[in-house]
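Q: I am attaching a structure below and will ask some questions about it afterwards.
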Amino acid sequence: MDNAIEIKGLRKAYKSFTLDGVTFDVPRGYITGLIGPNGAGKTTVIKLIMNLIRRNAGEVKVFGLDNLRHEPEIKARIGFVYDVPRFPEDLRLEQIASALAPFYPKWDRGRFLALLDDFKLSPRTVFKKLSHGMKMQFSLALALAHDADLILMDEPTAGLDPVFRFELLEKLRALIQDERKTVLFSSHITSDLERVADFITFIHRGRIMFSAGKDDILESWGVVRVSGGGLRPEDVPGLRGYRRSEYSLEALTSDIAAARSRFGGSAACDKASLEDIMFFISRGDTHA
Amino acid sequence: MLKLLRMEYLLNRRQILIMLAIFSGYFLFMAYRIDSPRVFLVTLCLMMGLAVPFGFVGREDKFKTAALVCSLPVRRTTIVLAKYAVSGIAMGLGLAYGLLLATALPFTKISVAEILTVKSVLISLFLVSLLSSFIIPFTIRFGLAGIIIFLVSGQLLGVVALILAQLLGRGPNPLRSAITAVEKGLRTLLYHEATPGFLALLAAAIIAVNGLSFLVSRALYARRDL
């Protein structure tokens, strides 16, 4: 498969947190969700792709090019949406766009204005008068106005109400109809990713836990629930995490078929949602 | 580079107008009150060298837009170069505007012949460079809060120095020696004969100070995690 982003052995050490050995690919033409609890390292990964922070080790290739050596060429093809949009507060939206437009060879003013119109934003509005959701929409309009091949979004739906989130996700879904476009967005809101993502990369405590197709994950991962204390977590095939109480065991498995065949009717085996997966891996008693 | 300059102008347009209004008032007052061209020149350079880079670089820190600028398709070296260029252009225009006001106004006490010389211009550029070359890297490293703390600390240090100078009396002491050295340096600079060698030295010093400052700023900006 052709990849828009290839990350190998990425490392970034802070005093209280280390992102280590991060390796995953983002396939071209799809939406990939970078999922993980707060503080897992999602923003760090996105900032490293954008070279906003310095890496300690590893390699990031975007469109097959090293992101440090070919920084300007790569960034001209990326639409970047920050978790908290930062623009000069006292400027009008059209002024901000006018300042940024010359940097992008494929900037399309008509498309930018159409996107603002779609989002019901006036180009004459001063940035500081926008709500958080509107700032996010403006940021997305800027990212989409230069026909970027890759849209990178850091927690774009955090803090947005359901209507804003729905609109934003629909925009992403529409964008991906053009098979040249790729989207990587980080989120801890699992329902957003279940709705639009094609691939999921799960990060926890600075390490990649898994990276696979969403449908494959939802098809093969499951939660095994057993009452009574007779079953040990290690007996669950493909164990990835579990939660034990005095009277029951709940275990997350990455091989629900094997679990079903092993336990038959003696245990409830249900498909896992992304929320289940995030919970068991990040908050369960242990994970494999 | 030109795109960055244009962007800096568009993003700072309002700031420039505010500065222009404040400086106009201040220059008019100075031109009316000060009759020494050297005092006028040094004060003008102090204003420009402190306020202009502080205004431009500090504004980025105020709105936390460094991440926005660094996400654009340009290298960080070019961004830093643009900051120097935009500060240099603004300071140059500011100096020219200040000198023009001081010489053209009907009520001015400063003579045109004394202030509009190659030596005056080079001294102005040297003094402005000396200040801005410190302020720009300092603001990049410590941000707006850092520069405010630095300026307030400078003021407090001045007060402490004055008190100490009073306490230590008129006899020779390290503090008095340091102040005298600065004063002598400034006096030499202002009163030195405008020989070709002196002017060439000034020009070389301007380039060296700015070049060194740029290298420090570039290193600081490249290491900055946003």
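The values are calculated or read from the model by the stated rules, or taken from the named source; none is laboratory data. Please read these numbers as outputs of a predicted model, since none were measured by experiment. Here the Cβ is made from the backbone with ideal geometry for all residues, glycine too, and neighbour counts use every protein chain on show. Accessible surface areas use protein heavy atoms only, side chains included; no ligands, DNA or RNA. Shrake-Rupley method; radii C 1.70, N 1.55, O 1.52, S 1.80 Å.
Q: Note every residue of the stretch B:71-91 with a reduction of at least 40 square angstrom in accessible area, all protein chains present versus the isolated chain, computed with a 1.4 Å probe, or write none.
A: B:Ser71, B:Leu72, B:Pro73, B:Arg75, B:Arg76
Q: Another question, if that's okay. Tell me the label-point distance for the pair A:Ser227, B:Val39, using the 7 Å Cα-to-Cβ offset, in nm and rounded to one decimal.
A: 9.6
Q: More than 27 angstrom separation, counting every C-alpha pair in the stretch A:137-288; what % is that?
A: 35
Q: Then there's this: Given R₀ = 41 Å, what would the calculated FRET efficiency be for B:Leu156 paired with A:Asp66, taking r from the Cβ atoms and rounding to 0.05? Please report the intermediate quantities before stating the final value.
A: Details: r = 49 Å, r/R0 = 1.18.
After rounding to 0.05, the efficiency reads 0.25.
Q: How large is the charge dipole for chain A, taken about the Cα centre, if only the Cβ atoms of Lys, Arg (+1) and Asp, Glu (-1) carry charge, to the nearest 20 debye?
A: In total the dipole reaches around 800 debye.
Q: Tell me which of B:Val57, B:Ser133, B:Phe40 sits at the most positive position along the dipole axis of chain B, charges placed on C-beta atoms (Lys, Arg +1; Asp, Glu -1).
A: About the Cα centre, the residue reaching furthest to the positive side is B:Val57.
Q: Write down the Å³ per residue value for the convex hull defined by the alpha carbon atoms of chain A. All intermediate terms of the calculation are to be shown ahead of the outcome.
A: Details: hull volume 41.2 nm³, N = 288.
So the per-residue Cα hull volume is 143 Å³.
Q: If you don't mind, there's one more thing I want to ask. Once the Cα gyration tensor of chain B is found, what semi-axes does its equivalent ellipsoid get, as square roots of 5 times the eigenvalues, in whole Å, sorted largest first?
A: Listed largest to smallest, the semi-axes of chain B are 31, 23, 18 Å.
Q: Okay, moving on. Quick one: pull the percent of accessible area on the stretch A:3-217 belonging to carbon and sulfur, 1.4 Å probe, ligands and nucleic acids left out.
A: 47
Q: Using a 10 angstrom cutoff on alpha carbons, build the Gaussian network for chain B and name the most mobile of B:Pro53, B:Pro106, B:Pro137.
A: B:Pro106
Q: Of all DSSP beta bridges in chain A, what percent run antiparallel (nearest 5)?
A: Details: 37 of 55 bridges.
Beta bridges within chain A, antiparallel portion: roughly 65 percent.
Q: Ranked from the most accessible area to the least, with a 1.4 Å probe and all protein chains present, what is the order of B:Ser111, B:Ser24, A:Ser139?
A: B:Ser111, B:Ser24, A:Ser139
Q: Relative contact order for chain A: what is it in percent, counting Cα pairs under 8 Å that are at least 6 residues apart?
A: Values: 571 pairs, mean separation 58.8, N = 288.
Over chain A, the number comes to 20 percent.
Q: Need the per-residue list for the stretch A:44-67: every residue with at least 10 Å² less accessible surface in the complex of protein chains than in the chain by itself, probe 1.4 Å, sorted by number.
A: A:Lys47, A:Met50, A:Asn51, A:Leu52, A:Ile53, A:Arg54
Q: Mean 1/r over all different Cα pairs, inverted: what Kirkwood radius does the stretch A:149-220 give, in Å?
A: Working: mean 1/r = 0.0765 Å⁻¹.
The answer is 13.1 Å.
Q: Pick from A:Lys181, A:Lys106, A:Lys15: which residue has the top mean-square fluctuation in a GNM of chain A where Cα pairs under 10 Å get a spring?
A: Of A:Lys181, A:Lys106, A:Lys15, the Gaussian network model singles out A:Lys15 as fluctuating most.
Q: Here's a follow-up. Suppose the chain between A:Arg109 and A:Lys129 were pulled fully straight at 0.36 nm per residue; how much longer would it get relative to their current alpha carbon spacing?
A: 5.0 nm
Q: Can you give me the Rg/Rh ratio for the stretch A:221-283, using Cα atoms for both radii and the Kirkwood formula for Rh? Before the final figure, lay out each step's value.
A: Working: Rg = 10.4 Å, Rh = 11.2 Å.
Using only Cα positions, Rg/Rh for the stretch A:221-283 is 0.92.
Q: In degrees from 0 to 90, rounded to the nearest 10, what is the angle of the helix B:196-222 Cα long axis to the longest principal axis of chain B?
A: Roughly 40 degrees between the two axes.
Q: Testing the spin-label approximation: label points 7 Å from Cα along Cα→Cβ at B:Lys62 and A:Ser266. State their distance in nm.
A: 7.1
Q: Rounded to the nearest 10 degrees, what's the angle between the helix A:132-144 long axis and the longest principal axis of chain A, both from Cα atoms, 0 to 90?
A: 70
Q: Determine by what factor the alpha-carbon radius of gyration of the protein assembly as shown differs from 2.2 N^0.38 Å, reporting the quotient. Each step should come with its number before you reach the end.
A: Working: Rg = 30.2 Å, N = 514, 2.2 N^0.38 = 23.6 Å.
Here the Cα radius of gyration is 1.28 times the empirical estimate.
Q: Another question about this same structure. So what J values fall out for the stretch B:64-78 if you push phi through Karplus, 6.51 cos²θ - 1.76 cosθ + 1.60 with θ = phi - 60°, rounded to Hz, Gly and Pro as x?
A: 6, 9, 4, 5, 5, 5, 6, 8, 6, x, 9, 7, 5, 4, 5
Q: Given a 1.4 angstrom probe, what's the average accessible area per residue across the stretch B:136-226, in square angstrom? Each step should come with its number before you reach the end.
A: Values: 6030 Å² over 91 residues.
Ligands and nucleic acids excluded, the result is 66 Å² per residue.
Q: A further question follows. Quick check: the angle from helix B:118-168's long axis to the longest principal axis of chain B, C-alpha only, nearest 10 degrees?
A: 70
Q: Find the accessible area per residue for chain A; the probe is 1.4 Å, ligands and nucleic acids are left out, and the unit is Å².
A: 43
Q: Ok, one more. As an exercise, identify the trypsin sites (Lys or Arg not before Pro) in the stretch B:148-203 lying in DSSP coil whose Cβ has no more than 11 other Cβ atoms within 10 Å. Provide the component values of the computation, followed by the final result.
A: Values: sites: B:Arg170, B:Arg176, B:Lys184, B:Arg187; in loops: B:Arg170.
Listed in order of number, the matching sites are B:Arg170.
Q: Could you run the Karplus curve 6.51 cos²θ - 1.76 cosθ + 1.60 with θ = phi - 60° over the stretch A:209-216 and give me ³J(HN,Hα) per residue in whole Hz, x for Gly and Pro?
A: 8, 6, 8, 7, x, 4, 5, 4
Q: How big is the dipole moment of the stretch A:221-283 about its Cα centre under a simple scheme where the beta carbon of each Lys and Arg is +1, that of each Asp and Glu is -1, and everything else is neutral? Debye, nearest 20, please.
A: So the magnitude is around 40 debye.
Q: Given H placed on each backbone N at 1.01 Å, which residues far from A:Gly241 in sequence or on other chains put an amide H within less than 5 Å of it?
A: The answer is A:Leu252, A:Ala288.
Q: Over the stretch A:221-283, what percent of the accessible surface lies on carbon and sulfur atoms, probe 1.4 Å?
A: Result for the stretch A:221-283: 45 percent of the exposed heavy-atom area is carbon or sulfur.
Q: With each pseudo-label sitting 7 Å past Cα toward Cβ, what's the A:Val84-B:Lys184 distance in nm, one decimal?
A: Simple spin-label model gives 5.2 nm for this pair.
Q: Checking an interface number: how much accessible area is buried between B and A, summed over both chains, with a 1.4 Å probe, in Å² rounded to 100?
A: Values: alone 13240 and 13570 Å², together 24160 Å².
Protein heavy atoms only, the B-A interface buries about 2600 Å².
Q: Now, a different point. Past 32 Å, Cα to Cα: identify those pairs from B:Lys83/B:Lys109; A:Lys106/B:Lys64; A:Lys12/B:Lys64; A:Lys181/B:Lys83; A:Lys128/B:Lys3; A:Lys181/B:Lys62, in the order given. Intermediate results must be reported in sequence, preceding the final value.
A: Details: B:Lys83/B:Lys109 35 Å; A:Lys106/B:Lys64 27 Å; A:Lys12/B:Lys64 22 Å; A:Lys181/B:Lys83 34 Å; A:Lys128/B:Lys3 24 Å; A:Lys181/B:Lys62 34 Å.
Correct reply: B:Lys83/B:Lys109; A:Lys181/B:Lys83; A:Lys181/B:Lys62.
Q: Work out the length of the dipole vector of the stretch A:21-108 about its Cα centre, built from +1 on the beta-carbon of each Lys and Arg and -1 on the beta-carbon of each Asp and Glu, and round it to the nearest 20 debye.
A: 240
Q: Next question, about the same structure. Using a Förster radius of 25 Å, what is the FRET efficiency between B:Arg75 and A:Ala13 based on their Cβ-Cβ separation? Nearest 0.05, please.
A: Efficiency, from the Cβ-Cβ distance: 0.55.
Q: While we're looking at this one, here's another question. What residues does the stretch A:88-106 have that are buried by at least 10 Å² of accessible area in the full protein assembly compared to the chain on its own, 1.4 angstrom probe?
A: Going by heavy-atom accessible area, the residues of the stretch A:88-106 that drop by at least 10 Å² are A:Pro88, A:Glu89, A:Asp90, A:Leu91, A:Gln95, A:Ser98, A:Ala99, A:Leu100, A:Pro102, A:Phe103, A:Tyr104.
Q: Taking 41 Å as R0, compute the FRET efficiency from the Cβ-Cβ separation of A:Ala257 and A:Arg173 and round it to 0.05.
A: In this case the efficiency is close to 0.85.
Q: Tell me, what ³J(HN,Hα) does each residue in the stretch A:190-197 have, in order and in whole Hz, if you take phi through Karplus 6.51 cos²θ - 1.76 cosθ + 1.60 with θ = phi - 60° and put x for Gly and Pro?
A: 5, 5, 5, 6, 4, 6, 10, 6
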